[in-house]
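Everything below concerns the one structure shown next.
The values are calculated or read from the model by the stated rules, or taken from the named source; none is laboratory data. Everything numeric in this text was worked out from a predicted model, so none of it was measured. Reconstructed Cβ throughout: ideal geometry from the backbone, glycine too, with neighbour counts over all protein chains shown. Keep in mind that these areas ignore ligands, DNA and RNA; they rest on the heavy atoms of the full protein, side chains included. Shrake-Rupley method; radii C 1.70, N 1.55, O 1.52, S 1.80 Å.
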Amino acid sequence: QVQLVESGGGLVQAGGSVRLSCAASRIMVSIFSMYWYRQAPGKQRELVASISTGGNTYYADSAKGRFSLSRDNAKNTVSLQMNSLKPEDTAVYYCNAYGRDNSYWGQGTQVTVSS
């Protein structure tokens with residue numbers, strides 16, 4: 001079965017950096033649009049960043065200039081480098097793969113930014 005496994009979350013101080021990774025199995029990230037979402041307590045899940053099969057990236061306004069999404073086809077992973085973190089970035093971050101009318105989700109990884 002398809003699996004997306006996120007890693008790299010944790011506790012970080014404001015201004016710090018975290019790199020999240022999403023490792024895929026049984027699908028090739030190169031042929032799926034890949035997304036990072038996040039959900040903070042009491043809030044709806046929101047899109048943070050995405051990368052299309054053609055390599056075009058999108059960033060939410062809150063992520064622009066601070067976050068960078070990359071894809072490694074050889075390792076079949078996507079990564080989200082998050083810099084200059086703020087307490088409002090605290091959330092569970094989810095990896096999503098969408099393509100061929102299928103959508104797959106990871107289990108999420110917690111990122112907590114302390115002030």
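Each row is one residue, and each column tells you yes or no for (1) open to solvent by 50 Å² or more (accessible area, probe 1.4 Å); (2) assigned to a loop (DSSP other than H, G, I, E, B); (3) among the charged types (D, E, K, R); (4) under 22 Å from Asn102 (Cα atoms).
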| site | (1), (2), (3), (4) |
| --- | --- |
| Gln1 | yes, yes, no, yes |
| Cys22 | no, no, no, yes |
| Val48 | no, no, no, yes |
| Gly54 | yes, yes, no, yes |
| Arg71 | yes, no, yes, yes |
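Going through segment 74-115 one residue at a time, which ones are of a type in the set (A, V, I, L, M) and surrounded by fewer than 18 Cβ atoms within 10 Å (Cβ to Cβ)?
Restricting attention to segment 74-115, the residues satisfying the condition of being of a type in the set (A, V, I, L, M) are 74, 78, 80, 82, 85, 91-92, 97, 111, 113.
Passing the criteria: only Ala74.
Residues in segment 70-115 that are touching a helix residue (DSSP H, G or I) at 6+ places or on another chain (Cβ under 9 Å), of a type in the set (S, T, N, Q) and closer than 20 Å to Ile51 by Cβ: how many?
3
Can you pull out the residues in segment 56-67 that are assigned to a loop (DSSP other than H, G, I, E, B) and either among the polar types (S, T, N, Q) or surrounded by 12 or more Cβ atoms within 10 Å (Cβ to Cβ) (or both)?
If we filter segment 56-67 for residues that are assigned to a loop (DSSP other than H, G, I, E, B), which is where we start, we get 56, 60-66.
Within segment 56-67, Asn56, Ala60, Ser62, Ala63, Arg66 qualify.
Among the residues of segment 24-46, write down those that are among the β-branched types (Val, Ile, Thr) and either within 9 Å of the chain's Cα centre (by Cα) or part of a loop (DSSP other than H, G, I, E, B) (or both).
Quick first cut of segment 24-46, residues among the β-branched types (Val, Ile, Thr) only: 27, 29, 31.
The one that is among the β-branched types (Val, Ile, Thr) and either within 9 Å of the chain's Cα centre (by Cα) or part of a loop (DSSP other than H, G, I, E, B) (or both): Ile27.
Please go through segment 16-39 and give me each residue that is within 16 Å of Phe67 (Cβ to Cβ), in contact with a Leu (Cβ under 7 Å, 6 or more places away or on another chain) and of a type in the set (Gly, Ala, Ser), ordered by number.
Gly16, Ser17
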